[in-house]
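This report refers to the structure that appears directly beneath it.
The values are calculated or read from the model by the stated rules, or taken from the named source; none is laboratory data. Worth saying up front: this structure is predicted, and the values here are computed from it rather than measured. Virtual Cβ from ideal backbone geometry, glycine too; neighbours counted across all protein chains shown.
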Amino acid sequence: MEGMMNKFEDPEKFYTEKLALIGHARVIIDLSLGENIMEGLREFRNEHARSGYRVVDMKPKDLNDSASYFTGLQEVATGSADAVVCGSVLDHVPDPFTLIREIYRVLKPGGMSFIYAPFLYVYHAEKGSYGDYFRFTIDAVRFLFRDFKQLEYVPIRGRAATIVKMLPRGMLRKLFSPFARLMDRVRPSVNQTSGYYVFVIK
């Protein structure tokens, strides 16, 4: 299936609207790497931590054993979840295909998932805890989520803002950020981006 994308849509608006939809779900599975939660998801977790909200830690017990990443998720019953949230995880598992299949498996028909898929982003493994394995082009996003009934995605940052984001934190990044955002508004890029927010329905 072909996904839907609005290259001019504000990614923060997309993020807020999709998580608001998921927030109404009864059973929510939140995939994480221990305390490594995508920026913004911490507030969502605190708001929706209730009966029916389950955090599944994807941090592996053995970095050299790809199966150990999925132990917690495999314990979730098939077709039991109304929604799955997957923040900064997809790039940190050695087999993202298995992760997407598992998300599809645990979702009920009509269930929703919000996923962050990074593309042009700095290397950020956590030594002794988890690796940093993959990045995802828009073609990869379409392929990974091809079995879902509905796929929506929006790029996060354009070409210029992505380059600035790769700079070390400090004055250079602060100085160039406003110009980069202006350049991206003038010449938007949907393929050269920091990554994608992805929303799917089974």
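For the condition closer than 21 Å to G110 by Cα and either out of contact with any Asp or Glu (no Cβ under 8 Å at 6 or more places or on another chain) or of a type in the set (S, T, Y) (or both), Q192 does not qualify.
Test Y104 against the criterion of being free of Cβ contacts under 8 Å to residues at least 12 places away in the same chain and either among the aromatic types (F, W, Y) or in a strand (DSSP E or B) (or both), and give yes or no. Steps first, answer last, please.
On the way: free of Cβ contacts under 8 Å to residues at least 12 places away in the same chain: no; either among the aromatic types (F, W, Y) or in a strand (DSSP E or B) (or both): yes.
For Y104, the condition - free of Cβ contacts under 8 Å to residues at least 12 places away in the same chain and either among the aromatic types (F, W, Y) or in a strand (DSSP E or B) (or both) - is not met.
Which helices (runs of 4 or more DSSP H) does the stretch 1-100 wholly contain that include 1 or more residues that are modelled with pLDDT under 90? Please lay out each step first, then the result.
Numbers: elements: 11-23, 41-48, 71-74.
Qualifying helices (runs of 4 or more DSSP H): 11-23, 41-48.
For first residues located in the stretch 65-80 and over 19 Å from Y130 (Cβ atoms), partners that are among the basic types (K, R) and lie 6+ apart or on another chain with Cβ distances below 6 Å form the pairs T78/R105; G79/K108.
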